[in-house]
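**Student:** My questions will all concern the structure given below.
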Amino acid sequence: MTQELGIITPQVMSIESPLTLSSGSVLPRYDLTFETYGELNADASNALLICHALSGNHHVAGLDVDGKAGWWNSYIGSGKPIDTDQFFVVCSNNLGGCHGSTGPTTTNPETGKVYGPDFPMVTCKDWVNSQNELRKHLGIDQWAALIGGSMGGMQVLQWSINYPDKLRHALVIAAAPKLSAQNIAFNEVARRAIMTDPDFHEGRFIEHSTTPKQGLAQARMLGHLTYLSDDMMGSKFGRERRETDLKYSYDVEFQVESYLRYQGEKFATKQNFDANTYLLMTKALDYFDPAAEFNHDLTKTLSQATAKFLVVSFTTDWRFAPARSHEIVKALLDNDADVSYAEVTSEHGHDAFLLPNDHYMGIFRAYMKRVLHDSLTITTTSEAAK
Amino acid sequence: MSLMTPEFKLISEWITPNSRVLDLGCGDGTLLEHLIDTYDVTGYGMELDPTKNIQAMQKGLNVIQGNLNNLDLEDYFDANSFDYVIMTQALQVVGRPDELLEDMLAIGKEIIITFPNFGHWRNRAQLLLKGRMPKTDTLPYQWFDTPNIHMCTFNDFETLCEDKDIEVVARTVVNTEHRTSFGMRLAPNWLGEVALYKLQRKSDT
């Protein structure tokens, strides 16, 4: 039996010491907003960190104050594949985000004005470094597992490379070891849509009391397209029209147009996603390439990792196709690492990693059993969080 | 329910402790789990079926989901990365058994294969006397709906090995109860129903 988590109150960790970012810029101080579910056990051996995707945030499970369910609520809770009766689950909003963690919408302590476009570029590595502070803050010596899909999966990879001894298991879902030219190109089109919106004001739209809604909506429409599969769009919309007669105009005629416009609109207005955050996140994705520091040798890169891995891909995902997961699996196999790999059949494209699916859930439950087994057998070392 | 079949027990006898193993078509992982528990082997299972994948993963095994028909093993694994590459009862269902054998020999120092014998006297008798494709306990399928697309006899298999410079290190021929007999040793290609082969590349090649 599964049970819902109820209303979750986000927490904030404030770090008052400066953080040097990959770009060389320094953040004088920062906050990370996060949520937790379940109870941390006495030896802090049952903690999981969930890493969110591009437009996600820390609200991964349970309900927020407005009653909105977290973005992965079907997978996290009592009796669910990520069982909060057994695990202490943590999810934080990435640095540079717009849901509470320090980012472009935060006031710059040095100027007293909102950061906006002045917020420094962040990378996957910076996220991992800031999340490592959260690990210490929560008194966790080693995560039982890190779990992430898409951009979150890349963060998990980064963690396994940069802090190998701080995690026992790495669950890398619908991810890639780096973005392809096509991936970067899609991001660039999204950025151009935002940056050429007349309301963008070179990123100082908050100071102008406006937001580049059109650009953001277009960026989201494009992004959303890359999350769906051709098959799924065919079965969901086909060439279905809103009205029987053709209008021979540029108004919405096909259902798919209506759907995409709605998704864009919702993202740009109701979800109030910050355009600068969107730009930052896409750039962080573009920059992600951990092998660049190891002669572009992914095998050598992942030889740093000591975690056990579960890699999952979805058959109709063309944004980060199964072949991209194969690259990760191959590099891990080259290192004789403990790795399992599942290629889940789904018609939902990249989005599949968020949706219920029997095989996917079965794999998850089976693997989490292994994670639990390992956290129960771990000997309690005297060193709690350093 | 996972069951240690007699076939798996016979395979286990060929495994050196602490070796590195790849089990192709590992099913629910029964054999691999047994080898890990009993012989401290390490390694991976490979399985296409999602349900069996989950079952194998529940045993805490490293399972790679992959289709032996369109997967380049050499792309995944380096040469000689395993002491044993095992494949039970799957040779006859793959698209190109000959190519798969080569791939297995490239990544494993020794390979262990089991498959049913199409040359067993019952099969021969059904074809000879009834003029029909054989249906037996080992081969229960109708000809038009069978996963067994590449049946061979022990003699066929050994000819293939000879042509490919593959050395038969060991062979055990058994019946469906996985018992051997004097007759099976005398005329394996007539009386044996299932064969277990341990193979390696001929050392002079």
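**Student:** Got a sec? Which of A:VAL256, A:VAL189 is among the aliphatic types (A, V, I, L, M), free of Cβ contacts under 8 Å to residues at least 24 places away in the same chain and over 23 Å from A:ASP118 (Cβ atoms)?
**Tutor:** A:VAL256
For (1) over 22 Å from the mean Cα position of the chain (by Cα); (2) surrounded by fewer than 17 Cβ atoms within 10 Å (Cβ to Cβ); (3) modelled with pLDDT of 95 or more; (4) part of a helix (DSSP H, G or I), each residue gets a yes or a no:
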position: A:LEU279; (1), (2), (3), (4): no, no, yes, yes
position: A:ILE328; (1), (2), (3), (4): no, no, yes, yes
position: A:ALA342; (1), (2), (3), (4): no, no, yes, no
position: A:TYR367; (1), (2), (3), (4): no, no, yes, yes
position: A:ARG370; (1), (2), (3), (4): yes, no, yes, yes
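**Student:** Filter segment B:151-174 down to the residues that are surrounded by fewer than 18 Cβ atoms within 10 Å (Cβ to Cβ) and within 17 Å of B:ARG124 (Cα to Cα) and list them by number.
**Tutor:** Correct list: B:ASN155, B:ASP156.
**Student:** Moving on to the next point. Output the number of the condition that B:LEU22 fails; it satisfies all remaining conditions of (1) modelled with pLDDT of 95 or more; (2) within 11 Å of another protein chain (Cβ to nearest Cβ); (3) outside any strand (DSSP E or B).
**Tutor:** Result: B:LEU22 passes all but (3).
**Student:** Could you give every pair whose Cβ atoms fall below 8 Å, whose first residue belongs to segment A:259-271 and is modelled with pLDDT under 95, and whose second residue is of a type in the set (Phe, Trp, Tyr), counting only separations of at least 6 or pairs across chains?
**Tutor:** These pairs meet every condition: A:TYR259/A:PHE237; A:PHE267/A:PHE273.
**Student:** Still on this structure: Got a number for residues in segment A:22-60 being outside any strand (DSSP E or B) and either over 19 Å from the mean Cα position of the chain (by Cα) or among the small types (Gly, Ala, Ser) (or both)?
**Tutor:** 18
**Student:** I would also like to ask the following. Go through segment A:175-254 and tell me which helices (runs of 4 or more DSSP H), entirely inside it, have 3 or more residues that are under 18 Å from the mean Cα position of the chain (by Cα) and modelled with pLDDT under 95.
**Tutor:** A:213-227
**Student:** Quick check on my filter: what residues within segment A:344-356 are at the interface with chain B (Cβ under 10 Å from one of its Cβ atoms) and within 21 Å of the chain's Cα centre (by Cα)?
**Tutor:** Hit for segment A:344-356 is A:VAL344, nothing else.
**Student:** Scan segment A:95-108 and report the pairs whose first residue is aliphatic (A, V, I, L, M) and whose second residue is assigned to a loop (DSSP other than H, G, I, E, B) and surrounded by 24 or more Cβ atoms within 10 Å (Cβ to Cβ), with Cβ atoms within less than 6 Å and a gap of 6+ or a chain change.
**Tutor:** Listed by first residue and then by second, the contacts come to A:LEU95/A:SER101; A:LEU95/A:VAL122.
**Student:** Looking at segment A:345-363, can you tell me whether even one residue there is of a type in the set (Phe, Trp, Tyr), without any contact (Cβ under 8 Å) to a residue 60 or more places away in the chain and closer than 19 Å to A:GLY56 by Cβ?
**Tutor:** The answer is yes; a qualifying residue exists.
**Student:** For the condition within 14 Å of another protein chain (Cβ to nearest Cβ), among the small types (Gly, Ala, Ser) and either assigned to a helix (DSSP H, G or I) or at positive phi (or both), what is the one hit in A:GLY264, A:GLY362?
**Tutor:** A:GLY362
**Student:** A further question on this structure: Could you run through segment A:197-229 and say how many residues are surrounded by fewer than 15 Cβ atoms within 10 Å (Cβ to Cβ) and touching a residue at least 40 places away in the same chain (Cβ under 8 Å)?
**Tutor:** Looking only at that region, the number is 2.
**Student:** Where in segment B:34-115 are the strands (runs of 3 or more DSSP E), entirely inside, with at least 3 residues that are at the interface with chain A (Cβ under 10 Å from one of its Cβ atoms) and either free of Cβ contacts under 8 Å to residues at least 12 places away in the same chain or crowded, with 20+ Cβ neighbours inside 10 Å (or both)? So that I can check it myself, show each step before the final result.
**Tutor:** On the way: elements: B:42-47, B:63-65, B:82-88.
Answer list for segment B:34-115: B:42-47, B:63-65.
**Student:** For segment A:292-326: of the residues being in contact (Cβ under 8 Å) with a residue 60 or more places away in the chain, within 18 Å of B:LEU48 (Cα to Cα) and more than 10 Å from every other protein chain (Cβ to nearest Cβ), which is surrounded by the fewest Cβ atoms within 10 Å (Cβ to Cβ)?
**Tutor:** Ranking the qualifying residues of segment A:292-326, first place goes to A:THR316.
The values are calculated or read from the model by the stated rules, or taken from the named source; none is laboratory data. What you see is a predicted model; the values in this text were computed from it and never measured. Neighbour counts are summed over all protein chains in view; Cβ atoms, including those assigned to glycine, are modelled from backbone coordinates with ideal geometry.
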